[in-house]
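The values are calculated or read from the model by the stated rules, or taken from the named source; none is laboratory data. Predicted model, so just to flag it, every value in this text is computed and none were measured. Neighbour counts run over all protein chains shown; Cβ positions are idealised from the backbone, glycine included.
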Amino acid sequence: MINEISELYGRRLIATNLSDQLKNDNRLKFTNGLKINRSWIICKRCGTQTKKRLAKLPNDQYYCPVCIQMGRIDTLNQLVYVEEPNQFEAVLNPITWNGELTPLQLQCSKQITQNFVDGKDHLLWAVTGAGKTEMLFNAINWALENGLRIALASPRVDVCLELFPRIQAAFESINISLLHGKSTMNYQYCQLTICTIHQLMKFYQAFDVLIIDEVDVFPYAGNSMLHFAVKNALKRNGTKLYLTATPDLDLFRMIKHHTISVSYLPKRFHNHLLPEISLLRQKKLRENINVGSISNKLIKIMRSKVEAKIPFLVFVPHINDLEILKRVLGKYFDRIIFETVFANDQNRLAKV
């Protein structure tokens with residue numbers, strides 16, 4: 001239930017969630033959630049077109065089946081929103097991070113900040129481990145000083161959970177909201193928001209700056225619904241910053257046609273090259289796993305990591321292989337704890 005008007009600043013939600021005390025507030029703006037034409041219904045929250053025969057309710061009503069997990073939008077209900085007021089007190093130099101950037105990181109950081117100042121879309125193309133988060137700090141600091149509203153969105157919950165404490169530590173005086181599908185944190189109107197891209201479907205012309213992480217991967221890449229959410233959540237004159245280690249063809253086309261500028265950093269902060277993958281083939285892998293056996297070569301590699309006290313991950317072909325491998329490793333490493341995790345694991349977030 002929506003009880004405070006600030007919960008609607010820059011957000012577009014289903015009107016049935018309004019409390020009685022808010023229903024007559026003259027700041028509220030209402031709109032139909034669905035657009036209906038001869039053959040299709042078009043959802044204003046997710047942008048998806050659905051054939052009318054697939055979205056029909058009784059009494060000639062319609063709903064959007066695509067984003068129903070976020071609450072049903074139908075022809076019986078409206079969406080309600082309030083224009084983003086940017087009611088933030090000026091904070092001089094709110095950054096509390098006192099680390100140092102390398103010369104290459106600093107160059108990228110200055111380019112990002114300048115594009116925020118100029119209101120131009122930009123791409124930070126940097127290898128994994130290059131310090132992309134730290135390169136954002138100066139630009140975020142500038143945006144906060146100037147009263148802009150900022151969102152840092154990622155396709156994955158794991159990334160949001162990792163970013164949240166790091167951004168909190170870098171801007172200790174700033175209230176930061178963390179939003180994702182499994183979040184227990186109540187929504188609050190904040191100048192800085194960290195969220196999954198799916199959560200952007202609840203916003204409408206809210207953000208002056210939108211930073212999108214891992215733009216080349218599932219589920220964002222090629223997903224028209226999430227691209228629509230990004231476009232809707234950004235103000236008409238807002239600025240986008242894309243982050244990736246591996247640009248896709250769409251990003252290269254945007255660079256080629258000068259619709260975005262780019263900062264490129266091919267090295268990590270320590271200037272060492274990225275390690276190359278070495279391939280070790282094992283015959284009859286499936287047969288061995290089924291009988292609870294793994295190769296001596298693999299055990300030797302793992303033992304070297306354990307002895308060097310280096311954490312490591314082991315990926316298996318199937319979920320059912322996890323417990324089998326865990327039992328097998330228990331025979332070789334009696335005092336080492338191995339934990340299993342997979343996408344639908346109920347304790348996944350805590351384990352990660």
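List of remarks:
- Qualifying position, being surrounded by 12 or more Cβ atoms within 10 Å (Cβ to Cβ) and modelled with pLDDT under 95, among L22, L28: L22
- Unique match (being within 17 Å of P247 (Cα to Cα) and in contact with a helix residue (DSSP H, G or I) (Cβ under 6 Å, 6 or more places away or on another chain)) among A130, A139, A126: A126
- Residues in region 223-248 that are touching a Leu at 6+ places or on another chain (Cβ under 8 Å) and assigned to a helix (DSSP H, G or I): L226, A229, V230, N232, A233.
- Here R27, R45 are screened, and the one residue that is part of a loop (DSSP other than H, G, I, E, B) and touching a Cys at 6+ places or on another chain (Cβ under 6 Å) is R45.
- Scanning region 146-162 for residues that are crowded, with 17+ Cβ neighbours inside 10 Å and free of Cβ contacts under 8 Å to residues at least 40 places away in the same chain returns a single hit, C160.
- Among the candidates K202, K182, residue that is out of contact with any Cys (no Cβ under 7 Å at 6 or more places or on another chain), closer than 30 Å to G47 by Cα, at pLDDT 95 or above and of a type in the set (D, E, K, R): K202
- Meets criteria (within 24 Å of K44 (Cα to Cα), of a type in the set (S, T, N, Q) and in contact (Cβ under 8 Å) with a residue 60 or more places away in the chain) for Q107: no
Per-residue answers, yes or no, for (1) among the hydrophobic types (A, V, I, L, M, F, W, C); (2) closer than 17 Å to I73 by Cα:
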residue	(1), (2)
N3	no, no
S6	no, no
L13	yes, yes
D20	no, no
L28	yes, no
T31	no, yes
W40	yes, yes
C43	yes, yes
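- Condition check for L251: in the same structural domain as L152 (by TED's automatic domain parsing) and assigned to a helix (DSSP H, G or I): yes
- Selected residue (criterion: farthest from M254 (Cα to Cα)) from residues of region 98-118 that are touching an Asp or Glu at 6+ places or on another chain (Cβ under 9 Å) and exposed (fewer than 15 other Cβ atoms within 10 Å of the Cβ): G99
- Extreme residue, surrounded by the most Cβ atoms within 10 Å (Cβ to Cβ), among residues of region 316-352 that are of a type in the set (K, R) and within 21 Å of I289 (Cα to Cα): K326
- Which listed residue is surrounded by 11 or more Cβ atoms within 10 Å (Cβ to Cβ) and either out of contact with any His (no Cβ under 7 Å at 6 or more places or on another chain) or of a type outside the set (A, V, I, L, M, F, W, C) (or both), from L298, L313: L298
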